[in-house]
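Asks: Starting off with a structure, shown below.
The values are calculated or read from the model by the stated rules, or taken from the named source; none is laboratory data. Bear in mind that the values here come from a model prediction, so they are computed numbers and not experimental data. Neighbour counts are summed over all protein chains in view; Cβ atoms, including those assigned to glycine, are modelled from backbone coordinates with ideal geometry. Accessible surface areas use protein heavy atoms only, side chains included; no ligands, DNA or RNA. Shrake-Rupley method; radii C 1.70, N 1.55, O 1.52, S 1.80 Å.
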Amino acid sequence: MKKSVIGVSAVVLIGLAAAGVYGQLSQTEKVTTKEFSHRNLEIISPAVTMLLEKAGKFEKPEVAVVVTPRSVGGKPTTSKPPTAIIEKIPGVGGIKKIVTPRVEIKSKSKVEKIVEDTSLLGKIDKQLKTIDIHVLEAKEKLVVGADISQIQQRILSHELTYEELVGIYLNRIKKYDLNGPKLNAITEINADVLAEARKLDATKAYGNMALYGMPVLLKDNIGTEKLPTSAGSVALRNWVIGTDAPLVKALKTNGALILGKTNMSEWANYMSEGIPNGYSGKQGQVKNPYLDIDPFGSSTGSAVAAASDFAAITIGTETNGSIIAPSAIQSVVGFKPSLGTVSNALIIPLSSHFDTPGPITKSVKDAYFTTEAITNLKMNTKLSTVALKGRRVGLMFDEDYSDSSIQRKIVADLKAAGAIIVREVGFREEEETLFAFSDVLRDDFKRDLNQFLKGNKAPYQDLAAIIAFNETDKARNMKYGQSNLLESQNSHVSESVTNEAAKRLIEESARNLNQVFQAKKLDAIITINSDNIFTVPIAGFPELTIPAGYNEGGSPVGATFIGLNKSDANLLAMGYAYEQQSKNRRSPKWDTK
């Protein structure tokens with residue numbers, strides 16, 4: 001279906017709208033009158049819906065514009081059923097005027113304001129109008145590249161406020177995500193985040209909370225009370241679950257501010273075999289902020305947002321490589337905690353057996369503070385620059401036979417930090433493991449997703465309905481196909497068989513890794529980026545990638561640390577010692593002043 005931009009002359013509400021409904025509106029979308037009729041009954045009817053009547057000529061006469069308020073938890077925003085009187089508009093092909101005796105708005109400027117305020121740019125601009133942009137621009141240098149501790153110190157010393165911090169991030173998103181390089185990393189913005197920051201400035205109740213007042217961006221598969229959660233899909237682009245995931249509740253309990261959501265590889269990179277990393281039907285393609293190269297996924301937007309200083313903290317999720325790979329190629333710190341350390345409840349699933357949320361940040365210290373917050377546990381090991389002293393670190397690369405100075409610098413930095421280097425370390429990664437893992441994902445996805453959608457009253461109740469929706473507009477909803485969705489839908493393996501297969505995979509992978517650690521008496525293992533560590537997330541062991549430099553072409557490279565299961569604090573401590581010795585990270589060139 002071809003989309004066109006159409007002028008707006010008046011607006012009429014479908015349904016009995018309550019006072020203040022304009023603040024609930026979500027976004028503008030274009031649909032045919034036939035599709036509008038169908039969707040009004042089956043999808044939009046639980047919510048109050050607006051039809052914007054157009055003036056002038058249409059590129060396609062049957063195109064209408066619908067602005068939809070978001071339902072909460074699948075429940076209607078009004079308890080009364082939709083009612084309308086339908087009248088044909090002369091001369092407009094098939095479009096009918098929908099009139100309610102209760103509400104009619106004739107102001108063109110008011111209508112345009114309503115539409116503008118529901119877009120990403122509208123939500124940003126509306127908030128930025130309440131703060132001095134010149135002040136934000138002048139203080140931006142206090143935030144770019146700074147870690148949480150540095151930001152908090154600048155706030156304590158009255159160089160900065162939480163309001164200004166949020167404003168700086170909003171302004172940067174406007175300048176660099178929606179304009180400039182147009183990185184396309186952000187899908188949603190909290191329309192109230194600046195007001196929330198002002199409250200924190202007024203109360204100053206931070207105590208010992210490291211995350212107090214820190215703006216956080218969440219991957220768009222993490223459930224929230226007020227923002228849509230879509231997993232990058234068109235079908236769920238407006239769906240508000242209505243409840244915060246435990247991860248989000250923990251962030252808020254620790255004083256963090258939810259700034260918005262980040263773009264991601266659709267369905268956690270499980271839409272189809274041919275879909276590019278970082279592409280979603282909802283938002284399009286995320287760009288790497290350093291070079292025109294693959295940004296990897298599926299937590300692409302979170303990694304790009306962290307690298308670009310769009311928030312103090314971002315959160316991603318990983319099933320296999322989806323935190324580590326994009327973090328390494330975006331030159332940020334990515335931490336995938338031990339499986340089960342952080343709750344994956346109310347996160348749109350790929351596989352309940354392997355899904356793990358974790359922080360993506362600019363520093364190991366920030367990842368440490370964030371992990372401590374989202375697990376609600378005190379770390380039993382503190383960060384220290386001597387944490388690598390006497391530790392045995394195994395290398396999964398051979399710097400002596402490499403033409404890369406990066407590998408040699410990694411080894412030199414490890415030695416300088418006191419580590420004992422152990423060479424010729426590797427894991428068995430057999431093809432059978434890959435096939436078995438793929439089978440578990442296929443079988444888990446449909447079962448887990450169906451339970452999640454139905455249990456949370458989504459507008460589409462199962463994978464079959466999602467697939468059918470995608471077919472209604474292939475170019476828009478499934479640009480690169482949906483082969484993986486179809487394969488999962490056609491799977492009929494029983495839950496008990498899948499559970500047994502997953503259990504066997506986890507145990508075999510863990511046994512393999514434990515043998516390597518024990519045979520070499522290792523405290524950690526290091527590889528480049530996410531090379532040759534496919535079995536690590538299957539085993540559920542923690543992983544931490546840290547910027548290690550940039551190759552001759554300027555592409556970021558990460559040094560990825562692997563630790564024993566549940567050794568998260570120790571791994572972060574060793575990573576911190578390496579980071580403080582190496583200090584490799586630099587901002588993207590377009591952001592250097």
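Asks: What are the ³J(HN,Hα) values, in whole Hz, obtained from phi via the Karplus relation 6.51 cos²θ - 1.76 cosθ + 1.60 with θ = phi - 60°, for each residue of the range 522-531 in sequence order, with x given for Gly and Pro?
Replies: 9, 9, 7, 10, 10, 10, 9, 6, 10, 5
Asks: Once phi is turned into θ = phi - 60°, what whole-Hz ³J(HN,Hα) does the Karplus curve with 6.51, -1.76 and 1.60 give for every residue of the range 567-577, x standing for Gly and Pro?
Replies: 9, 4, 5, 5, 5, 4, 5, 5, x, 5, 4
Asks: For the range 524-589, calculate the relative contact order in percent as a whole number, restricting contacts to Cα pairs under 8 Å that are 6 or more residues apart.
Replies: This gives 35 percent for the range 524-589.
Asks: If you don't mind, another one. Toward the positive end of the charge dipole of the range 519-593, about the Cα centre and with charges on Cβ (Lys, Arg +1; Asp, Glu -1), which of Gln581, Thr535, Ile546 goes farthest?
Replies: Gln581
Asks: What's the extension gain from Lys454 to Lys382 if we count 0.36 nm per residue and subtract their Cα-Cα distance?
Replies: On the way: separation 72, 0.36 × 72 = 25.92 nm, distance 4.23 nm.
Computed gain between Lys454 and Lys382 is 21.7 nm.
Asks: Relative contact order of the range 200-307, please, whole-number percent, based on alpha carbon pairs below 8 angstrom and at least 6 residues apart. Working shown, then result.
Replies: Values: 205 pairs, mean separation 27.7, N = 108.
Value for the range 200-307: 26 percent.
Asks: What part of the accessible area of the range 434-501, given as a whole %, is carbon or sulfur when the probe is 1.4 angstrom? Could you put the intermediate results ahead of the total?
Replies: Values: 1820 of 3330 Å².
Percent of accessible area from carbon and sulfur atoms in the range 434-501: 55.
Asks: What pairs from Lys382/Lys566; Lys249/Lys336; Lys249/Lys287 go past 21 Å between their alpha carbons?
Replies: Numbers: Lys382/Lys566 15 Å; Lys249/Lys336 19 Å; Lys249/Lys287 30 Å.
Exceeds cut-off: Lys249/Lys287.
Asks: Can you give me the Cα centroid spacing of the range 324-363 and the range 143-193 in angstrom?
Replies: Using only Cα atoms, the two centres lie 22 Å from each other.
Asks: Another question, then. Determine the order of Thr433, Thr262 by accessible area, beginning with the largest, at a probe radius of 1.4 Å.
Replies: Thr433, Thr262
Asks: Using Cα-Cα distances under 8 Å and only pairs 6 or more residues apart, what relative contact order does the range 434-501 have, in percent? Show your work: numbers first, answer last.
Replies: On the way: 43 pairs, mean separation 26.1, N = 68.
Answer for the range 434-501 is 38 percent.
Asks: If you don't mind, there's one more thing I want to ask. Take the residue pairs Lys479/Lys589; Lys226/Lys252; Lys199/Lys378 and return only those whose Cα atoms are more than 21 Å apart.
Replies: Values: Lys479/Lys589 32 Å; Lys226/Lys252 14 Å; Lys199/Lys378 27 Å.
With Cα atoms farther than 21 Å apart: Lys479/Lys589; Lys199/Lys378.
Asks: Could you list log10 I(q)/I(0) for the range 344-491 at q = 0.16, 0.20 Å⁻¹, which the Debye formula gives when each Cα is one point scatterer?
Replies: Result of the Debye calculation: -1.04, -1.20.
Asks: Taking the Cα atoms of the range 459-498, report the difference between the largest and smallest coordinate on each principal axis, in whole Å and largest first.
Replies: Largest to smallest, the principal-axis extents are 37, 22, 9 Å.
Asks: Within the range 418-433, which residues have the backbone N less than 17 Å from the label spot 7 Å out from Lys521 along Cα→beta-carbon, could you tell me?
Replies: From the range 418-433, the list is 419-425.
Asks: Taking the C-alpha atoms of the range 244-316, how large are the radius of gyration and the largest Cα-Cα span, Dmax, in Å?
Replies: Cα radius of gyration and Dmax of the range 244-316 are 13.3, 41 Å respectively.
Asks: Step through the table entries Lys141/Lys261; Lys182/Lys457; Lys219/Lys454, compare each Cα-Cα distance with 27 Å, and write down the pairs that go over it. Before the final figure, lay out the partial values.
Replies: Values: Lys141/Lys261 24 Å; Lys182/Lys457 34 Å; Lys219/Lys454 21 Å.
Flagged as over cut-off: Lys182/Lys457.
Asks: To the nearest µm²/s, what D does Stokes-Einstein give for the range 486-593 at 37 °C and 0.692 mPa s, using the Kirkwood radius over alpha carbon pairs as Rh? Mind showing how you got there, number by number?
Replies: Numbers: Rh = 16.4 Å.
Here the translational diffusion coefficient equals 200 µm²/s.
Asks: For the pair Ser149 and Glu552, what calculated FRET efficiency results from E = 1/(1 + (r/R0)^6), where r is the Cβ-Cβ distance and R0 = 35 Å, to the nearest 0.05?
Replies: Details: r = 34 Å, r/R0 = 0.96.
E between Glu552 and Ser149, to the nearest 0.05, is 0.55.
Asks: Hey, another quick one. Once the Cα gyration tensor of the range 434-501 is found, what semi-axes does its equivalent ellipsoid get, as square roots of 5 times the eigenvalues, in whole Å, sorted largest first?
Replies: Working: eigenvalues 104, 51, 12 Å².
For the range 434-501, the semi-axes come out at 23, 16, 8 Å.
Asks: Hey, any idea what Rg/Rh is for the range 323-430, computing Rh the Kirkwood way over Cα pairs?
Replies: Working: Rg = 16.5 Å, Rh = 16.4 Å.
Looking at the range 323-430, the ratio lands at 1.01.
Asks: Using protein chains only and a probe of 1.4 angstrom, how many square angstrom of Ser272 are accessible, to the nearest 10?
Replies: 10
Asks: So with the 1.4 Å probe, I'd like the accessible area per residue for the range 434-501, rounded to whole Å².
Replies: Working: 3330 Å² over 68 residues.
Each residue of the range 434-501 exposes 49 Å² on average to a 1.4 Å probe.
Asks: Another question about this same structure. Roughly how many nanometres apart are two label points built 7 Å out from the Cα toward the Cβ at Glu495 and Asp294?
Replies: The modelled label-to-label distance comes out at 3.6 nm.
Asks: Right, here's the next one. With θ set to phi - 60° and the Karplus curve 6.51 cos²θ - 1.76 cosθ + 1.60, what are the ³J(HN,Hα) couplings of the range 335-348 in order, to the nearest whole Hz, using x for Gly and Pro?
Replies: 10, 9, x, 4, 4, x, 5, 10, 5, 9, 5, 6, 10, 4
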